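None of the figures in this text is laboratory data; all of them are computed from the coordinates on show. Not measured: the values here are computed from a predicted model. Ideal geometry is used to build each Cβ from the backbone, glycine not excepted, and the neighbour counts take in all protein chains shown.
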Amino acid sequence: MKRHFLIIAALLAAAPAWGTVNVFATVPEWGALAQEIGGDKVTVFTATTGLQDPHRIQAKPSLISRARNADLLVATGAELELGWLPLVQRESGNPRIQSGQAGYFEAAQYVVLLEKPARLDRAEGDVHAAGNPHIQTDPRNFLKVGAALAQRLAQLDAANAAVYAANEKRFRERLQAAIARWEKAAAPLRGAPILVQHKAFPYLENWLGLRETGSLEAKPGMEPSSAQLAEILARQQAQPARMVLRPAYQYDAPSRWLAERTKINRVIVPFTIGGTPEAKDIFSLFDATVQRLLDGMQGRDAP
Amino acid sequence: MKRISMATLAACGVLSSLPATAADSDLKALREEIAQMKQSYEQRIAALEQRLAETENKAGAAAATADQAQLALQEAARAPAAVNAFNPEISLILSGRYTNTAQDARQDPTGAAGRERRIQGVLPSGMASGAPARSWNLGESELALAANIDPLFRGTFLLSIAPDDTVGVEEAHIQTLGLGQGFNVKAGRFFSGIGYANEQHPHAWDFSDAALPYQAFFGPQLGYDGVQLKWLAPTELFLELGAEVGRARSFPATDANAKKNGLMSGSLFAHVGGDLGVSSSWRAGVSWFDAKPHDRGYDDVDGAGTLVSNSFSGTSRTVGADLVWKWAPQGNPRQQNFSFQSEWFRRRETGELAYDTAGASLGTTSGSFRSSQSGFYAQGVWQFMPQWRIGYRYDQLSAPATAIGLVDSGVLTAADFPLLQAYKPKRQTAMMDWSPSEFSRIRFQYAHDQTRPEVTDNQLWVHYIMSLGAHGAHKF
């Protein structure tokens, strides 16, 4: 019995290689980036969809079993996946993807983080000590993360280093051209006053020059109380913002409440790939983001 | 005249041709000049362009340098500033409750002084029953320290401070990080991986107390001092096999005489799990636990009305099955989610039962003992809007099939073992809780309790559970 078990264990353990690098991406944007840079040399599994809040995910059995065979774990870091990823790493029994190993890649290490809290106190809500982790709303961050990811893939799979470098170059050039296009199209958004439902958009604001006048969630991670909403309403009447932004996966009640009382336009930002139907890859993600913001400026409620 | 005119004509001809020649050379000069200017401008433009490009490059480089500097700053900020930067993750759970019960849930209905009530029909665990005391009570405070020790090991230490000021080491274990091939080894003191709820700490429970099968069979959680080996199959379907050996320090094994070498108890378990579409996840499992309790004592009131100590020695074997199903729209539990959880256990104990080990009543005698009993619970918890959940749980134990040798042989009567008389304890519990953030929860719980044959109890709890420090793990 015991011998049979060992034989089966050995067979199963030897099976997963298939010649490609197994990438476990925590969120859709890094899954897409890994696919752009890895091409047909990687097999990508994405742990969450664009309609799931990556902060609230549980260490589900399906995630643990997928992490078991991963060669490279691509995470955002900056405490975004803190609630579940460490548990998935430990339970996976996979030494390659443990923190500190070459198979563990944290995107937030390669970009400049904004909104680093001056005070670390949970009375401020669910603050992230390292800074705001929602770095994927600025396409320029994909250039930096992409370059680092290509290097990491080359380190793990030296035989295909040239492929990763070539894919990265092609992706970088395409993205740079697209960024120029988006920046031109988004020119009318510069200086536009906006409200946000969750402090999720500092990188988008920084990129397009949007001006945030307030956040419906007074404390990150906590639903706004009616008193806090009333305060936002008063502020909105005194200092009107053009639109209120919310990530696709967030509860719509607070922004709906505000929109019913003021003339503010609600804009659902795809936030990541799959957040809205038209955001299918990194390029259409920002096409959709810019388009929805422009629609919001025009006074068209996003669907 | 004619000659003059000819000369004049000639002169005129020369004269008339003169400006044409002059204009041609001017144009040429002009063209040359323009060409020169153009060339010069082109050169200057090219030079300017080059300078612009250089400047841009410099600016780009400067921006990149600035970014790098920022990154370096970020790194520097992250870099440990002192030796205590390696401090482990620390978290503290605070809990407390107000309980209002129709009956005193702790007092034994037989009225024997100082004796807490037990679940009817079950060989008791000999530990605190977990029944709620009335009025305000401090719950269990839990201090947890955990950190990676090195690239190969991780250590966890959990101290539980009971309201009566006793401190207990709830967990203290090391676990491997670098074994590979899906293997994980844990050693030290830990909660067994059998069932589903056994590994959960009380602050993670959806209800404020453990379900009846856990209270009756594991009193209320099975803990080991030993070793656990788990293996995760390299398949997309989650398949985990586990084995544990060691000294089961708690009920139903006994810890009292740690005199024997070797392995006193062991368990095996298997879990399978996966997703059903994007919205549902599930996990199912089977478990087996075997122990050899020796002199596991408990109190009862014999037929003469005397408080006596009895004890059991023999084999205790428990098998179980568990199922958990969780649903959230689009797999995003933030707004709404539902979870269903059910477990079933069956325990068989065979061995010897000793009556009145202290000789307080009719004198010490012993005889054979055999008992088998099953129990299950099923619960559903629904988060119907952010921060708010409601839940319902039904739990029950079957009436045990018991054969007591001392009674069958006529030495004693069934009345001498009132606690072992057949009864089917059952209970219904409803709860509602509010969690303003991931770190705090206030729960209202109502239970209709029929675990004692004499009385039906209605229990109302208000319970707070708060965590501070390191962010807890979202365990499935």
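Things worth noting here:
- Cα-based shape type of the protein assembly as shown, given that a ≥ b ≥ c are square roots of the gyration tensor eigenvalues and the cut on a/c is 1.5: prolate
- When only the Cβ of Lys, Arg, Asp and Glu is charged (+1, +1, -1, -1), the dipole of the stretch A:154-292 relative to its Cα centre reaches about 420 debye.
- For B:S366, the residues whose amide H sits under 5 Å from its own are B:Y355, ignoring neighbours fewer than 5 places away on the same chain, with H placed 1.01 Å from N.
- Sites B:T166 and B:A204, calculated FRET efficiency, Cβ-Cβ separation with R0 22 Å, nearest 0.05: 0.50
- Chain A: DSSP helices with Cα axial extent of at least 20 Å and average Kyte-Doolittle hydropathy no lower than 0.5: A:282-298
- Around A:A32: net Lys/Arg minus Asp/Glu count, Cβ-Cβ under 10 Å: -2
- Counting charges near B:D275 (Lys, Arg +1; Asp, Glu -1) among other residues having Cβ under 14 Å from its Cβ returns a value of +3.
- Listed residues A:A192, A:A288, A:A162, most fluctuating in chain A (Gaussian network, C-alpha, under 10 Å): A:A162
- The stretch A:96-112 and the stretch B:231-252 have their alpha-carbon centroids 30 Å apart.
- Rg/Rh ratio calculated on Cα atoms of the stretch A:247-297 (Kirkwood radius): 1.02
- Given charges at beta-carbon only (K, R positive; D, E negative), |dipole| of chain A in Debye: 200 debye
- Subtracting the Cα-Cα distance of A:R181 and A:A259 from their residue separation scaled by 0.36 nm leaves 25.0 nm.
- Cα-based reach from B:K38 at 14 Å (exclusive), listing aspartates and glutamates while leaving out same-chain residues under 8 positions away: none
- Only lysines eight or more places from A:K116 in sequence, or on another chain, were considered; those with a Cα closer than 19 Å are A:K199, A:K219.
- Using Cβ point charges alone (K and R +1, D and E -1), the dipole size of the stretch B:320-394 about the Cα centre works out to roughly 420 debye.
- Computed across chain B, the Kirkwood hydrodynamic radius from all distinct Cα-Cα pairs reaches 27.9 Å.
- Cut-off 13 Å, label 7 Å out along Cα→Cβ of B:W434, residues of the stretch A:205-229 by amide N: A:225-226
- Sum of side-chain charges, A:I282 neighbourhood, beta-carbon under 9 Å (Lys, Arg +1; Asp, Glu -1): -3
- Phi-derived couplings, Karplus 6.51 cos²θ - 1.76 cosθ + 1.60 at θ = phi - 60°, listed residue by residue for the stretch B:429-434: 9, 10, 9, 9, 9, 10 Hz, with x used for Gly and Pro.
- Pairs beyond 29 Å (Cα-Cα), from A:K60/B:K424; A:K41/A:K280; A:K60/A:K169; A:K280/B:K230; A:K144/B:K58; B:K230/B:K292: A:K60/B:K424; A:K60/A:K169; A:K280/B:K230
- Taken one residue at a time, the phi angles of the stretch B:362-372 give Karplus couplings (6.51, -1.76, 1.60, θ = phi - 60°) of 9, x, 6, 9, 9, x, 6, 8, 8, 8, 9 Hz. Gly and Pro are set to x.
- In the protein assembly as shown, taking the dipole from charged Cβ atoms about the Cα centre, the farthest positive-side position among B:A284, A:V267, B:Q200 is held by A:V267.
- The stretch A:230-272 versus the stretch A:63-89: alpha-carbon centroid distance in Å: 33 Å
- Fraction in percent of alpha-carbon pairs per bin - 20 Å, chain A: 32, 53, 14, 1
- Solvent-free Debye calculation, one equal scatterer per alpha-carbon of the stretch A:189-303: log10 I(q)/I(0) at 0.15, 0.19, 0.23 Å⁻¹ equals -0.59, -0.96, -1.40.
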